[in-house]
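See below for the structure under consideration.
Nothing in this text is a laboratory measurement; each read-out follows from the coordinates by a stated rule. What you see is a predicted model, and the numbers here were worked out from it, not measured in a lab. All Cβ positions, glycine included, derive from the backbone under ideal geometry; neighbour counts span all protein chains shown.
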Amino acid sequence: MLFLNNFKFLLPEIFLSFLILIVLVYGVMFSRIQFLRKYFGGLNNVLFLILFGLIILFVLQIFQYNCDFYILNFHMSGTRFSHFLKSILILSTFFLILFSKEYIIFEKEFHFEYFILILLALLGLLLMCNANDFIFLYLALELQSLSLYVLATSNRYNNKSIEGGLKYFIFGSLASGLFLFGVSLLYGLTGCTNFNEISIFLINSAYDLDTFNFDYIMLICLSFTFILSGFFFKFSIVPFHNWTPDVYEGSPYLITAFFALVPKIAIFSVLFNLFVLFISNFHNIFFNILLFCSVLSILVGSLAALYQTNLKRLLAYSTISNMGFILLGLSLNTFEGYHASLMYLIIYVLLMTCLFGTLLQTRSALNNKLFLNISELSSLFRSFPILTIIISLILFSLAGIPPLAGFFSKFYLVFALLKSKMLFTSFFIVFVGVYSCIYYIRLIKVMYFEKPFIWTLFHSIKSELNFYLLIFITFFNICFYYFLDFLLDLTRNVLLRIFI
């Protein structure tokens, strides 16, 4: 059912805006007013308010699942696909904040302002999923980008954090400039910025060569090249990936987890819309470029991760490689390719949420510090065997070892490649998947077999809820085969609503 200008479909975004204002007012009151701080204050209360608000936000979003709409003069749209990805956005943010409770207590520098910035970034990401106009998309993109620039430099006493945040700001501004230049060029050629109007225009330009000459079509393709370049930066795609390791290394663990997970979901939604509405009309022109960028991302991420000693930098290059896999599925321009990319994204978010959830629980009992280098993992198994087993299963799954969830994400991608008759690329994906096992298994070897130079004891997980959630996600990872049919049906229904 299609609804026009029924603003009840903006209820999740409106509620999130009010939640941000409430948290801001409440945070200022408990931090500045002595009486209120004594009886109502504490960071735990702010966390409870945020988590409770995110639960309500998720429920509001679920109620819109079967509703397709256009509002704000077709500047915003909603489909089952966008509602599905927005639900994943909210859930991933909820679990990251929930897992970080103990981490926040130990980090003296964390205040309520960090969570306001996270919620502002989430608001921008939700609006990006609903964007149906390039101008509106740019405003939503900058709303989340400005919040992420501040979060990247949140550790103001760490030079690496300041360096990483400055690089992110400079490269992010360059990416926004490329995007705006592509949009302005496209507007000059088509006279509109609305997705639907441009899509109709491009369909005519692709099939009516008498009206639109070759040079005109090349200019349209050039404009989309600039637009894709801007989003490839946000998606950590080679050659726009250099900011990722530095920002991940300099940011606090919670912000690193947020960078690795939440923005990638919204950027995937935007790229999917660009591919389905626009790039598919010129697939023969863009295919080689997209294939080259995706394969290069997989290769660079896998090769560079092998030589890392810092855990965050290793996870950054792992993210680059995984984003290359997702882009590879999108570049096929087939239903099987889109389906494989969506499946890969869901499994990636699940595994990385669990991985960062475990990393946020591991803290030295001596100085209450999280470990940064891979060598510091050497005493983890001897002091915390259950958590080590959970991390090992996640790493095996990311490497694609059957029958874990990560194996099925790569399996369906290879299946989509074979169906598109890309035999050589399929062999390459399998080879890189085997090669990537090396740096994942190296972490497992350090945790189980290497003798520590300095013995480190780790705090146990104080929150029983966090522990049971990690066990549940690990169970889902191991027994993913039994949930496979449900997830396949769910993702197919989400995509079929668009292609039918």
Rounded to the nearest 10, the angle in degrees between the Cα long axis of helix 464-478 and the longest principal axis of the Cα atoms of the chain comes to 50
Footprinting proxy, H241, H75: sorted fewest to most Cβ within 10 Å, the residues are H75, H241
Calc'd 3J(HN,Hα), the range 176-188, phi into Karplus 6.51 cos²θ - 1.76 cosθ + 1.60 (θ = phi - 60°), Hz, glycine/Pro = x, comes to 5, x, 4, 4, 5, 5, x, 5, 5, 5, 5, 5, x
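Count the DSSP beta bridges whose two residues both fall in the chain, then state the antiparallel fraction as a percent rounded to the nearest 5.
70
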The answer for M76, listing residues at least 5 apart or on another chain whose modeled amide H is closer than 5 Å to its amide H, is I71, N132
Helix 283-305: inclination vs the chain longest Cα principal axis, degrees, rounded to 10, gives 10
If one compares the long axis through the Cα atoms of helix 11-32 with the longest principal axis of the Cα atoms of the chain, the angle in degrees, nearest 10, works out at 30
Expected vector for the range 256-271, Karplus 3J(HN,Hα) from phi with 6.51, -1.76, 1.60 and θ = phi - 60°, integer Hz, x for Gly and Pro, equals 4, 4, 5, 4, 6, 10, 5, x, 5, 5, 5, 5, 4, 4, 5, 4
Neighbour-count ranking for E249, E13 (other C-beta within 10 angstrom, fewest to most) reads E13, E249
Mean projected area, convex hull of alpha-carbon positions in the range 241-291, reported to one decimal in nm², is 4.3
Checked the range 176-295 against the a/c 1.5 cut and the a/b vs b/c comparison, axes a ≥ b ≥ c from its Cα gyration tensor; verdict prolate
The ³J(HN,Hα) series, computed from each phi in the range 326-343 with the Karplus coefficients 6.51, -1.76 and 1.60 at θ = phi - 60°, rounded to the nearest Hz and given as x for glycine or proline, is 5, 5, 4, x, 5, 5, 5, 6, 10, 4, 5, x, 4, 5, 5, 5, 5, 4
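Under the definition of Cα pairs under 8 Å and six or more residues apart, what whole-number percent is the relative contact order of the chain? Present the calculation step by step, with values, prior to reporting the outcome.
Values: 696 pairs, mean separation 66.6, N = 500.
About 13 percent, as a whole number.
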With a ≥ b ≥ c from the Cα gyration tensor eigenvalues, square-rooted, and the rule rounded for a/c under 1.5, otherwise prolate when a/b > b/c and oblate otherwise, the range 301-340 is prolate
Set K234/K410; K86/K160; K264/K451, cut-off 28 Å on Cα-Cα distance; pairs above it are K86/K160; K264/K451
One point scatterer per Cα, no solvent, Debye formula: log10 I(q)/I(0) for the chain at q = 0.12 Å⁻¹ comes out as -1.13
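Most exposed first by the Cβ proxy, i.e. fewest other Cβ within 10 Å, how do V276, V183, V262 rank?
By the 10 Å Cβ count, ascending, the order reads V276, V183, V262.
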Once amide hydrogens are built 1.01 Å from N within the peptide plane, the residues lying 5 or more places from D68 or on another chain with amide H under 5 Å from its amide H are F3
